[in-house]
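In what follows, a structure is listed as structure tokens, so that the remarks can point back to it.
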Amino acid sequence: MKKPRTAMKRRQRERAPCQEGREKCVLSGRQVKPSTPTAGLARRQEGVLLQASLSPYHLFRDTADVRVFRENLLSWYDREKRDLPWRRRVEGEVDLDRRAYAVWVSEVMLQQTQVATVINYYTRWMQKWPTLQDLASASLEEVNQLWAGLGYYSRGRRLQEGARKVVEELGGHMPRTAETLQQLLPGVGRYTAGAIASIAFGQATGVVDGNVMRVLCRIRAIGADPSSTLISQLLWSLAQQLVDPVRPGDLNQAAMELGATVCTPQHPRCSQCPVQSLCRAHQRVERERLLGSRSPPGSPDVEECAPRAGPCQLCAPPMEPWDPTRGVTNFPRKAGRRPPREECSAICVLEQPGALGGPRILLVQRPSSGLLAGLWQFPAVTAEPSGPQQREALLRELQSWAGPLPAPRLRHLGQVVHTFSHIKLTYQVYGLALEGQTPVTVVPPGARWLTREEFHTAAVSTAMKKVFRVYEGQQPGIRKGSKRCPVSTPSSRKKPSPGQQLLDSFFRPHIPTDASSLNSTAQ
């Protein structure tokens, strides 16, 4: 009995080797023999079949257009690219494994995070762990401590897990193709694998991130939902078609740079776009302008979508008509997002003002998996927003870590609302100072007493720092947001210079007047 063809194809994809075409991948010092078809070839074939069934208006059917896109974009990138630390490091690195590691770190940090925020984190990371071997030998505590404040903390943990796998199982050599990078390294998806392979190893593979998606949707006037399977497959197919075989890494970075600096979400600078002549969205704006002026004689014709049969699968749906006030920002269509689920937690800053060596606060470690895995936080319990048992449950949690406590001193101070990627978490903030009591010196595993200075350098989340600011704001003699415990008198303070005053005003974090309610969104 013959096996179904679909099942055979599925098994062929599952057995896809670690290389594409005749390229060879070095794993633990041995060469992996290719088999056919490869995953990369299968994806390209799927892309060709997909494009064959769609309206040419949304595609690149003219090879001359592809050539112009590459040449114009790369020429612009050579002139306008930003000077970023990961680009400098990659350009000056001849060791392929170090090049790949430098790209890997930058790409992971840049996920859902702005470039300006990443620069300092990347610089400190590479100074501390310049090689895969250095990162593999670090502790998770060290990784979390350096990552603190960058958000999406599982990224750092998976990055270290990947480094350890490369060192311990792959002989210290990074996989050399996008397919094997995605297959072998934890936390490496299709985009990250393509970025590493193209930038570090020169593999001609396209990438699609949020910036590239926006550029492609505008260049080809794709108005359908970009999060749908069909549109996602098409965008990857277009990216593969456009990638430059000689400078694949630069072309991919140029497309991302274009989306980040010129083809921006809300305020695109179309006059500075190097591929404006190929942009269907810009052509649509010009057509609407001509129609508005009643198309004077001699006006150029503007191509429109002409599907072969039925409604076009790539145009915006009829219930979302063109908005002339938005121009090219009609593309891409905004995908509907589910609102984050709401949760509530009661949390307490427990402090020993009279501890040996100065005041100390209690932190406990979160579980090794799940939200904020392995980070440190103040003792907390899940609670209903206005549950009557909230205070009692929190007190029991505190006593499980620190022993008997004076319940009457437990005070409610305010709240912090912090939004993670999928959770809107409201912290009901409590405070308890153990004044006049014998200092607690012994704590169970998973807890520690830290000074205020140690707290600000520990592996804690941004939310915990905001909780602590609420607590500080309720303590007499302590400036909100201050990292230091001693309170100086007016006579002991040194008056800063005018220049220092200006710097202080620029870098001082914004703290609301009412510190009892701090609302923020995680990076």
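Only one residue in Arg98, Arg89, Arg155, Arg70 is open to solvent by 40 Å² or more (accessible area, probe 1.4 Å) and in contact (Cβ under 8 Å) with a residue 40 or more places away in the chain. Which one? Step through it out loud before you land on a result.
On the way: Arg98 fails: in contact (Cβ under 8 Å) with a residue 40 or more places away in the chain; Arg89 fails: in contact (Cβ under 8 Å) with a residue 40 or more places away in the chain; Arg155 fails: open to solvent by 40 Å² or more (accessible area, probe 1.4 Å).
Just one listed residue meets the conditions, Arg70.
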Note to self: Can you tell me which condition Thr192 does not meet? The list is (1) closer than 22 Å to Gly206 by Cα; (2) in a helix (DSSP H, G or I); (3) over 13 Å from the mean Cα position of the chain (by Cα), and all the others hold.
What the structure shows: (3)
Margin query: Name the single residue that is modelled with the highest pLDDT among those in the range 52-67 being open to solvent by less than 20 Å² (accessible area, probe 1.4 Å) and closer than 30 Å to Leu181 by Cα.
Written below: Val66
Next item on the list: Might you check whether a residue that is in a strand (DSSP E or B) and of a type outside the set (Lys, Arg) occurs anywhere in the range 394-408?
Entry: no
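From the set of residues in the range 452-466 that are charged (D, E, K, R) and closer than 18 Å to His418 by Cβ, which is surrounded by the fewest Cβ atoms within 10 Å (Cβ to Cβ)?
My answer is Lys465.
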Next item on the list: Output the residues belonging to the range 334-393 that are within 21 Å of Asn144 (Cα to Cα), touching a helix residue (DSSP H, G or I) at 6+ places or on another chain (Cβ under 7 Å) and assigned to a loop (DSSP other than H, G, I, E, B).
Entry: Ala373, Gly374, Leu375, Phe378, Pro379
Checklist line | Contacts under 8 angstrom Cβ, first residue in the range 384-406 being over 17 Å from Leu363 (Cα atoms) and of a type outside the set (Gly, Ala, Ser), partner at pLDDT below 90 and open to solvent by 30 Å² or more (accessible area, probe 1.4 Å), 6 or more apart | finding: Gln390/Glu384; Pro406/Gln437
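Residues checked against (1) open to solvent by 40 Å² or more (accessible area, probe 1.4 Å); (2) at pLDDT 90 or above:
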{"position": "Ala393", "(1), (2)": "no, yes"}
{"position": "Gly403", "(1), (2)": "no, no"}
{"position": "Pro408", "(1), (2)": "yes, no"}
{"position": "Val417", "(1), (2)": "no, yes"}
{"position": "Lys424", "(1), (2)": "yes, yes"}
{"position": "Thr438", "(1), (2)": "yes, no"}
{"position": "Ala447", "(1), (2)": "no, yes"}
{"position": "Ser491", "(1), (2)": "yes, no"}
Check: If we keep just the residues of the range 207-237 that are under 22 Å from the mean Cα position of the chain (by Cα) and not in a helix (DSSP H, G or I), which is surrounded by the most Cβ atoms within 10 Å (Cβ to Cβ)?
Finding: Val207
Item checked: Candidate set: the range 122-138, residues that are in contact (Cβ under 8 Å) with a residue 24 or more places away in the chain and outside any loop (DSSP other than H, G, I, E, B); chosen: the one surrounded by the fewest Cβ atoms within 10 Å (Cβ to Cβ) -> Thr123
Notebook entry, point to check: Quick check: anything in the range 113-121 closer than 30 Å to Leu363 by Cα, at pLDDT below 95 and not in a helix (DSSP H, G or I)?
Noted result: yes
Check: So, of the residues in the range 285-319 that are farther than 23 Å from Ala224 by Cβ and either open to solvent by less than 50 Å² (accessible area, probe 1.4 Å) or among the aromatic types (Phe, Trp, Tyr) (or both), which turns out to be modelled with the highest pLDDT?
Finding: Leu290
Next item on the list: Answer yes or no: is there a residue in the range 93-111 that is farther than 26 Å from Gly172 by Cα, of a type in the set (Gly, Ala, Ser) and within 17 Å of the chain's Cα centre (by Cα).
Entry: no
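The values are calculated or read from the model by the stated rules, or taken from the named source; none is laboratory data. None of the values given here were measured: they were computed from a predicted structure. Ideal geometry is used to build each Cβ from the backbone, glycine not excepted, and the neighbour counts take in all protein chains shown. Surface accessibility is based on the protein's heavy atoms, side chains included, excluding ligands, DNA and RNA. Shrake-Rupley method; radii C 1.70, N 1.55, O 1.52, S 1.80 Å.
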